[in-house]
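Since the structure comes first, as structure tokens, the remarks are kept for the end.
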Amino acid sequence: MANEIRVPVYDEEGKVIARVAYNKKLDFWDGHNWTCGSTGRHLGYTRLRSGKYVLIHGTQWQGERNHAEVVSPERLVQEAARAGRLDELYEDFPELREIKLPDEEEDIERKEKRIINRAVATAFGNGAHITVPKELIGKTITYYVD
């Protein structure tokens, strides 16, 4: 496209490695403006031919320029989750569905704690005997007694 805005992509060392089409795919409507959560700023994403993911930073501030940076898949998923745009990201890059968000990890951890809390501790001579549910046999567990 002749009128397409292209922005430089920087690697971890600050070197320009590509130029990509500008977009604001991670913006959301805050009731007054399309934004990424910060006044006058916008976020988008894309992927390079090399497979690296790119976070695009747009700005409306005088003296600042749009730019993009190579980011990890985890960071891109985090940014999409924060913007409420995970469904759109997953449509574009279905392989990112495999990345678990911290709250999903916490849910798994809470579920395991509930299972562990079904264990029964009884006094046994100079120590204690703990009976655990069958699904925990062979797993390393930590059990705290109140």
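The values are calculated or read from the model by the stated rules, or taken from the named source; none is laboratory data. Keep in mind it's a predicted model, so treat the numbers as computed, not measured. Methodologically, a virtual Cβ is constructed for each residue, glycine included, from the backbone with ideal geometry; neighbour enumeration extends over all protein chains shown. Remember, those area values only see protein heavy atoms, side chains included, never the ligands or the DNA or RNA. Shrake-Rupley method; radii C 1.70, N 1.55, O 1.52, S 1.80 Å.
The base-10 log of I(q)/I(0) for the stretch 22-71, evaluated at q = 0.18, 0.25 Å⁻¹, reads -0.56, -0.90 [Debye formula, identical scatterers on Cα atoms, solvent excluded]. On the basis of the beta-carbon distance and an R0 of 35 Å, K15 and S38 show a calculated FRET efficiency of 0.85.
Solvent-accessible area assigned to carbon and sulfur over the stretch 17-78 amounts to 47 percent, based on a 1.4 Å probe. Per-residue packing, averaged as other Cβ atoms within 10 Å, sorts the ranges 68-77, 22-31 into the order 68-77, 22-31, beginning with the highest. Here the stretch 63-84 and the stretch 19-45 have alpha carbon centers that stand 10 Å from each other. In this rough spin-label picture, where each label sits 7 Å from Cα along the Cβ direction, the E95-I5 distance is 2.9 nm.
Solvent exposure of the stretch 20-84 amounts to 58 Å² per residue of accessible area, where only protein heavy atoms count and the probe is 1.4 Å.
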